[in-house]
Amino acid sequence: MRCHPNARLRIALLTYRGKPTCGGQGVYARQLSRALVDLGHHVEVFSGPPYPDIDAPTPVHELPSFDFYDETGPMQWPPLGAIRTFADWVEVGQFATGVFPDPLAFSLRAWRALRSRVNDFDIVLDNQSLGYGLLAIEQMGLPVIATIHHPVTIDRRLEIEAADKWVDKYFRHRWYSFTTMQGRVARRLRRVITDSDSSQADIHRDYGVPLDRLNVVPVGVDQDTFRPLPHVQRRPGRLVSMASADAPMKGLRYLLEALAQLRRDGRDTTLLVIGKLKPDSPSARTIRELGLGGAVEFVNGVSDERLAELLNEAEVGVVPSLYEGFSLPAIEIMCSGVPLVATTGGALPEVVGADGDTALLAEPGDAGSLATAIGRALDDGELRTRIAANGRRRAVERWTWRHTALATVEHQRALLEDSERVESRRPGGREAAPRFAADPAPELSAEPLPAAARI
């Protein structure tokens, strides 16, 4: 195995789910694969449902599951005859015992899909499944590098803390027990990348991954789509926020309480949430309790272009999260030229800036602090203009998907070189057949990486 510094890599990108219009995993798979292809590499995506929207010519290999949490028909048991493979039995068994089955079952299906294609790829990039199947893929001879956006142990802790009854705490603890597997797999991988310094520290603490194997590669923002749109009119008093799931970590409850406080203070403030509201969800109950039925609107399944328009209609964008490993919504709001109010949860100060010139900050889990920061922005047009301009400048200068791809490739090359050294030290080790495409792409290493890439 010889890693020419400009070699064209053949990358298998794994994502256990990739919903294109909601959540960060589908965005990551689509944008990173596009940027890697633009750099000259060959990428094939292997995904479980819901499948990502990937640009041609990148193939998407769909790895169907029973998709027990499909929004259109959740918790539907498959007929017995449909359970055919080992991965099928694992998925059904984990679901039956209250464990979230997707990461493990997907990793086993990916292993099965790659068994006959070991020589077609140089490396596997896993998008946070961290299932045991990754270790089987490595045993076949394919090096694996994983992206961990943040340790899901934090989601588990916040979900359990938010549960009122002991039985709810038990079932949430059980549902999140897959995080034990993720920690074991992460510790076995030779190289891991993550989005921020904050996530790096949290992964080291919660998963026990040594710091010398953890490397920070920030994600990017689609600057062609998320930009100021002069033809779109601002709506006075309009707030916008993005919440892909009604989970405690996203802090939507505190934003709703802050909205109620702002309206009690006499402001005609409304909120648009990019996300889906379920009738029996905690947010739906909070809206009813606070009498916000006419002041909150939810929009789901919009295209990126429509999302950019909705952001530009708002006077203020809000990220009320208790924790973020990076926050794509934050940089999409900033890049759109919309003034941002965010909490200091997790990596948010690192991402949006902690000096108050690029975003206004509030305490996580504190509706009063959030209402104060939003009120400042709504009441001061000059402040909004300054924060919006500075925030956009920060987003444009720091985060592009090209930089994410360049940095990711650097770490992939480093892992491949390390894999070669490990192979050469084995007793009876022999020179492996070349795994890299012969045609070099000189431009791949010609561009220096930004300091934010943290290589």
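The values are calculated or read from the model by the stated rules, or taken from the named source; none is laboratory data. The structure displayed is predicted, hence computed values, not measured ones. Every residue, glycine among them, receives a Cβ derived from its backbone with ideal geometry; neighbour counts consider all protein chains shown.
Residues of segment 200-259 that are among the aliphatic types (A, V, I, L, M), part of a helix (DSSP H, G or I), outside the structural domain of ALA186 (by TED's automatic domain parsing) and closer than 20 Å to GLU350 by Cβ: MET249 alone. Just one residue in the set ARG187, ARG213, ARG172, ARG238 is within 22 Å of TYR16 (Cβ to Cβ) and touching a Leu at 6+ places or on another chain (Cβ under 9 Å); that residue is ARG213. Yes or no: VAL299 crowded, with 24+ Cβ neighbours inside 10 Å and in contact with a helix residue (DSSP H, G or I) (Cβ under 9 Å, 6 or more places away or on another chain)? Answer is no for this residue.
Within segment 45-87, the residues that satisfy the criterion of being more than 18 Å from VAL27 (Cβ to Cβ) and crowded, with 18+ Cβ neighbours inside 10 Å are LEU63, SER65, PHE66, ASP67, PHE68, ALA87. Going through (1) crowded, with 16+ Cβ neighbours inside 10 Å; (2) over 18 Å from the mean Cα position of the chain (by Cα); (3) assigned to a loop (DSSP other than H, G, I, E, B) one by one, LEU272 falls short only on (3).
Residues in segment 152-165 that are closer than 19 Å to VAL99 by Cβ and either in a helix (DSSP H, G or I) or touching a residue at least 40 places away in the same chain (Cβ under 8 Å) (or both): THR153, ILE154, ASP155, ARG156, ARG157, LEU158, GLU159, ILE160.
In segment 198-222, the qualifying residues are those that are touching a residue at least 60 places away in the same chain (Cβ under 8 Å) and out of contact with any helix residue (DSSP H, G or I) (no Cβ under 6 Å at 6 or more places or on another chain), and the one that is surrounded by the fewest Cβ atoms within 10 Å (Cβ to Cβ) is ASP222.
In a residue-by-residue description of segment 123-139, the property of being assigned to a loop (DSSP other than H, G, I, E, B), β-branched (Val, Ile, Thr), within 23 Å of the chain's Cα centre (by Cα) and buried (at least 18 other Cβ atoms within 10 Å of the Cβ) applies to no position.
In segment 97-114, the condition of being assigned by TED's automatic domain parsing to the domain that holds THR408, polar (S, T, N, Q), under 24 Å from GLY26 (Cα atoms) and crowded, with 23+ Cβ neighbours inside 10 Å is met by at least one residue.
Criterion applied to ALA395, ALA407 was being in contact with a Cys (Cβ under 7 Å, 6 or more places away or on another chain) and either at pLDDT 95 or above or outside any helix (DSSP H, G or I) (or both), and the one residue passing it is ALA395. Might you check whether a residue that is over 22 Å from ALA395 (Cα atoms) and under 22 Å from the mean Cα position of the chain (by Cα) occurs anywhere in segment 302-322? Yes: one or more hits.
Filtering segment 310-355 to residues that are free of Cβ contacts under 8 Å to residues at least 12 places away in the same chain and of a type in the set (Gly, Ala, Ser) leaves only ALA354. Within segment 81-105, residues that are outside any helix (DSSP H, G or I) sit with their Cβ atoms under 6 Å from residues that are aliphatic (A, V, I, L, M), at 6+ positions apart or across chains, in these pairs: ILE83/VAL92. Residue check: LEU256 meets all listed conditions (1) at pLDDT below 95; (2) within 25 Å of the chain's Cα centre (by Cα) but one, namely (1).
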